[in-house]
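The next block holds one structure in the form of structure tokens; read it before the comments.
Coordinate-derived values only; no laboratory data. Predicted model, so just to flag it, every value in this text is computed and none were measured. Cβ atoms come from the backbone with ideal geometry, glycine included; neighbour counts cover every protein chain shown.
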Amino acid sequence: MTSSSLATAPTRYSTIAIVLHWVLGLALIGMLGLGVYMTDLSLSPFRMKLYNWHKWAGVAILALSLVRLLWRLTHRPPALPAPMEQAMPGWQKLAHHGTHLALYALFFAVPLSGWAYSSAAGFPVVFLGRFPLPDFVPVSESLADLFKLGHATLAFTLAGLVLVHIAAALKHQWIDNDGLIQRMLPGRG
Amino acid sequence: MQKTTVLHGLALASTLLLAALPAQAQQQLVPAQSSIEFTARQMGVPMQGQFRKFDAQVAFDPAQLATSRIRFTVDTGSVTMGARETDAELPKAAWFNVPQFPQATFESSAIKALGGGKFDVAGKLTIKGSTVQVSLPVSLSQSGATTTATGTLPIKRLAFKIGDGEWADTSMVADEVQVKFKLALTGVGKL
């Protein structure tokens, strides 16, 4: 996200950053699908299982997002290639930085709102059925409704931004033909 | 002279009756200070619930445990776990089957003092048409005119077919449910 164009700066993301990007990216897409699917089911043991799995996965995503954020803050990502940086209109740079910033904010906001919703609904989150997470929100029907709406809204916002992110990556790949995507692809130096 | 004896006898009998009856009539449940709650577990997640409506008929005399009786009835339709969705599900046939079994009851058969305000109340617990012999640990505490009986009874929900059919899977909803009760009574004699 920094726009430094030092010649010595790396041209690819680090392996850890690449692994976290793809694991969390696929996890978020899977979670959106699971979330949309499970909320439509009527109450059954199967549905309860899915809800628990969704919560466990959410806890794992939250933890990995923290690792990802710390990694991002301590490891400078590769700068955009200088010609690209110069050719980019101002609004695109703004969109580029803004989207990434919003994505990172939502990596935390979405799982945290889900956790709060679960607590408010009277179902404390117990990771893997063994490790109880604290409730930061009291049990309350009105709070539960609020966090449910918040969780869904934030999740769909995240989904929208992921689509923008993918569209931008594909635009670079297929329209601009600039190979920018190589920076984030595994195993291709 | 004979007449007098009969009268005496009647007077004595009624005195005994009066002595025995008020002891029962005076013990009243204070619903506002009483609660019947339970904790079930689904995939390790504790879930709290409670019954909003219940009543108790208590004839309890700490000095006369042999004749003491405790009976309480719980309206199964008053069950709530705090969420609309579960509350809509619990009265159904797989859970409490409220239309067919609107009440759960406990009826004591023997009360044993364990000392220190603790009692063991043996009796029959009937839920959803199934009766199980249970032993209820009860602690009594007195404050002013109110005597509060508290205790926790672990029950096996499947013994009563609570959560039948697809819900019988105990890896999903654990078999053991902790029932926690607090009954506030007025009119109990000094412990």
What ranking of A:Lys49, B:Lys161, B:Lys92 emerges when the number of other C-beta atoms within 10 Å of each C-beta is taken as an exposure proxy, fewest first?
-> B:Lys92, A:Lys49, B:Lys161
Which whole DSSP H helices in chain A pass both tests: a Cα extent of 15 Å or more along the axis and a mean Kyte-Doolittle value no lower than 1.6?
-> A:15-39
Residue order, fewest to most beta carbons within 10 Å, for A:Ser119, B:Ser141, B:Ser130 | B:Ser141, B:Ser130, A:Ser119
Amide H contacts under 5 Å for A:Phe127, placed H, 5+ residues apart = A:Leu133
Considering every residue in A:40-52, what mean count of other chain Cβ atoms within 10 Å of its Cβ is obtained?
-> 3
With r defined as the distance between the Cβ atoms of B:Ser35 and A:Leu94 and R0 fixed at 56 Å, what FRET efficiency is calculated, to the nearest 0.05?
-> 0.45
Residues of type lysines that B:Lys92 reaches as a straight line, Cα spacing below 20 Å, ignoring anything fewer than 8 places off in the same chain = B:Lys53, B:Lys128, B:Lys156, B:Lys161
For chain A, built as a Gaussian network whose Cα springs stay under 10 Å, the top-fluctuating residue of A:Leu24, A:Leu158, A:Leu70 = A:Leu70
What net charge do the residues around B:Ala159 carry, taking every other residue with its C-beta under 14 Å from that of B:Ala159, with Lys and Arg at +1 and Asp and Glu at -1?
-> +2
Along the charge dipole of chain A, Cβ charges K/R +1 and D/E -1, which of A:Trp53, A:Val36, A:Ala116 sits furthest on the positive end?
-> A:Trp53
Can you tell me which of B:170-177, B:182-189 comes out highest on packing, and rank the rest after it, using the mean Cβ neighbours within 10 Å?
-> B:182-189, B:170-177
For the protein assembly as shown, size of Cβ-based charge dipole, Lys and Arg +1, Asp and Glu -1, in debye = 500
Find the relative contact order for chain B and round it to a whole percent, using C-alpha pairs within less than 8 Å whose residues are 6+ positions apart.
-> 23
Round to the nearest 0.05 the FRET efficiency obtained for B:Asp175 and B:Arg69 when R0 = 35 Å and r is the Cβ-Cβ distance.
-> 0.70
Ranking of B:Thr131, B:Thr86, B:Thr76 by count of other Cβ atoms within 10 Å, fewest first = B:Thr131, B:Thr86, B:Thr76
From the Cα centre of region B:101-119 to that of region B:26-84, the distance in Å is 11
P(r) of region B:32-142 over all Cα-Cα pairs, binned every 10 Å from zero, in whole percent | 13, 39, 32, 14, 2
How far is helix B:2-25 tilted off the main Cα axis of chain B, in degrees rounded to 10, range 0 to 90?
-> 30
Straight-line reach check, B:Lys180, cutoff 13 Å on alpha carbons, 8 or more apart in-chain or any other chain, hits among aspartates and glutamates -> B:Glu37
Can you work out ³J(HN,Hα) from phi for every residue in region B:46-59, in order, using Karplus 6.51 cos²θ - 1.76 cosθ + 1.60 and θ = phi - 60°, giving whole Hz and x for Gly and Pro?
-> x, 10, 9, x, 7, 9, 7, 10, 7, 9, 9, 10, 10, 10
Rg/Rg_ref, chain A, where Rg_ref = 2.2 N^0.38 Å and atoms are Cα = 1.18
Can you tell me the relative contact order of region B:104-191? Whole percent, Cα pairs under 8 Å, sequence separation 6 or more.
-> 23
